[in-house]
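The values are calculated or read from the model by the stated rules, or taken from the named source; none is laboratory data. This is a predicted model, so every value here is computed, not measured. As a convention, Cβ positions derive from the backbone with ideal geometry for all residues, glycine included, and neighbour counts pool all protein chains shown. All accessible areas refer to the heavy atoms of the entire protein, side chains included, with ligands and DNA or RNA removed. Shrake-Rupley method; radii C 1.70, N 1.55, O 1.52, S 1.80 Å.
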Amino acid sequence: MVTPAARTPGRARGAAVAAGLAIGCFLTWNVSSVGAVADPLAAAYDTSLAVVGLLTTALFVTHLAAQLPAGIWSDRFGPQRVGLAACLAAALGNAVLLVDTSLGLAVAGRLVVGLGSGAGFVAGLDLVRAGGGGAMLQGLYGGATMAGGGLALLIVPPLTDATSWRAPYATGLALALVAAVLVIGVRGVRPVGRTSRGVLGDAALLPLGALQVASFGLAVIAGNWIVPLLEHQGATTAVAGAIGSFVLLAGIVTRPLGGALANRWPGRRRGLVGGSLVAISAGALLLAAGGPLWLSALGSLALGLAAGLPFAVVFEAAQRLRPDAPAAAIALVNACAVLAILIGTPLVGVGFDLPGDGLVGFAGVALLALGGLPFVRRLPP
């Protein structure tokens with residue numbers, strides 16, 4: 001069988017991979033750019049931090065809604081077309097956000113940006129696949145998506161201090177346009193074509209979705225609450241933020257590493273994923289223990305490093321299971337994690353109202369990570 005990547009002309013493959021990596025990095029910038037400057041935005045909008053938090057929720061709602069349609073359209077019409085539409089949606093949404101400090105306008109803008117980030121995640125990874133990217137390059141794509149959000153946490157706050165509340169939106173607009181230029185330069189990537197069998201009823205993909213929940217989904221949920229957890233344990237905001245950043249930034253290293261290990265030892269992929277889930281659980285338990293700060297830092301690092309390892313294995317497996325609909329398979333698997341984030345983040349937050357001041361929620365994260373172990377054996381060999 002000749003794969004779509006094999007039909008892509010060699011000279012076009014590098015452009016497709018570069019464009020995919022740019023989409024993954026530049027559009028995921030928007031996921032954390034608002035949270036990085038929540039206090040200045042609350043002052044600009046004259047509202048509370050809780051309301052500013054709704055701007056992130058708004059993005060994730062449409063981010064989730066866009067994924068499966070984007071996967072279907074990417075298979076049918078090609079990832080470069082969907083990727084370009086995603087970039088333009090992110091640019092348009094950020095342009096709306098730049099207009100003024102109307103909260104209603106801000107919510108509307110973030111909903112549009114979420115369409116771009118959700119469709120962009122799928123189209124970007126599918127561009128890497130179409131460019132011939134195997135597990136290692138797909139792991140690199142995963143690292144790029146983590147880098148976008150992590151760099152926003154580092155760059156947007158000083159930019160906002162130096163300029164104004166518009167900094168997260170102006171940077172998001174500029175990056176979306178740069179990614180769009182790279183996508184326009186992609187030529188020769190052929191779509192897979194319309195499939196006669198949808199992915200929603202494909203039971204073989206659901207275990208992969210569960211593994212994505214147990215790794216990426218739980219890491220994002222933990223990342224949302226680790227800073228207040230450590231602050232309630234006596235850490236300063238700066239120290240809590242530095243330790244908490246391990247949960248997400250460590251994936252920049254281990255997502256490509258997981259792909260490289262899967263390439264080198266393909267027969268050990270199940271062991272790699274299973275071991276990572278055990279390490280995620282151990283890291284969450286160290287955080288739930290409420291011990292000295294060095295122990296919490298170790299737990300945060302262990303959780304973040306381990307959560308990145310399954311990325312390439314899970315998504316390459318999804319594409320191998322559905323070569324007739326690889327982008328739709330990517331979308332379904334990742335949508336499982338995004339749905340878990342939407343549901344699980346507020347539930348873990350409720351744990352701060354229970355005895356233990358948030359420790360119960362992190363104990364739940366540890367338990368759910370182990371709950372993914374039965375699905376490891378469902379990974380295709």
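Observations, loosely collected:
- GNM on the chain, alpha-carbon springs under 10 angstrom: the most fluctuating residue among TRP225, TRP294, TRP165 is TRP294.
- Magnitude of the charge dipole for the range 149-284, about its Cα centre and with charges confined to Cβ atoms of Lys, Arg (+1) and Asp, Glu (-1), is about 800 debye.
- Cα-centred dipole magnitude for the chain, charges only on beta-carbon of K, R (+1) and D, E (-1), debye, nearest 20: 1860 debye
- Options VAL61, THR345, ALA22, ranked by Cα towards positive dipole end of the chain, top entry (Cβ charges): ALA22
- In units of the compact-protein estimate 2.2 N^0.38 Å, the range 261-381 shows a Cα radius of gyration of 1.18.
- Solvent-accessible surface (1.4 Å probe) assigned to SER300 amounts to roughly 0 Å².
- Extent along principal axes [Cα atoms of the range 135-285; Å; largest to smallest]: 51, 44, 32
- Ordering THR163, GLY134, LEU173 by Cα displacement along the dipole of the range 112-254 toward the positive end leaves GLY134 in first place; charges were set at the Cβ atoms of Lys, Arg (+1) and Asp, Glu (-1).
- A simple rule links phi to the HN-Hα coupling: the Karplus curve 6.51 cos²θ - 1.76 cosθ + 1.60 with θ = phi - 60°, which for the range 294-308 gives 5, 5, 5, 4, 5, x, 4, 5, 4, 4, x, 5, 5, 5, x Hz, with x for Gly and Pro.
- Mean projection area, nm², convex hull over Cα of the range 40-151: 7.3 nm²
- Percent accessible area from carbon and sulfur atoms, the range 269-348, protein chains only, probe 1.4 Å: 81 percent
- In Hz, Karplus ³J(HN,Hα) per residue of the range 139-145 (6.51, -1.76, 1.60; θ = phi - 60°; x = Gly, Pro): x, 4, 4, x, x, 5, 5
- About the centre of its Cα atoms, the range 76-168 shows a dipole size close to 280 debye [charges on the beta carbon of Lys, Arg (+1) and Asp, Glu (-1) only; nearest 20 debye].
- In order along the range 19-30, the phi-based Karplus estimate (6.51 cos²θ - 1.76 cosθ + 1.60, θ = phi - 60°) of 3J(HN,Hα) comes to 5, x, 4, 5, 4, x, 6, 6, 7, 6, 3, 5 Hz; Gly and Pro are listed as x.
- Top positive-direction residue, dipole computed over the range 246-333 with Cβ charges, set ALA289, LEU277, PRO326: PRO326
- Structure-based [θ]222 nm, the chain - -39500 (n - 2.57) summed over DSSP H runs of at least 4, per residue, nearest 500: -25500 deg cm²/dmol
- For the chain, the spread of Cα positions along each principal axis, largest first, Å: 59, 49, 32
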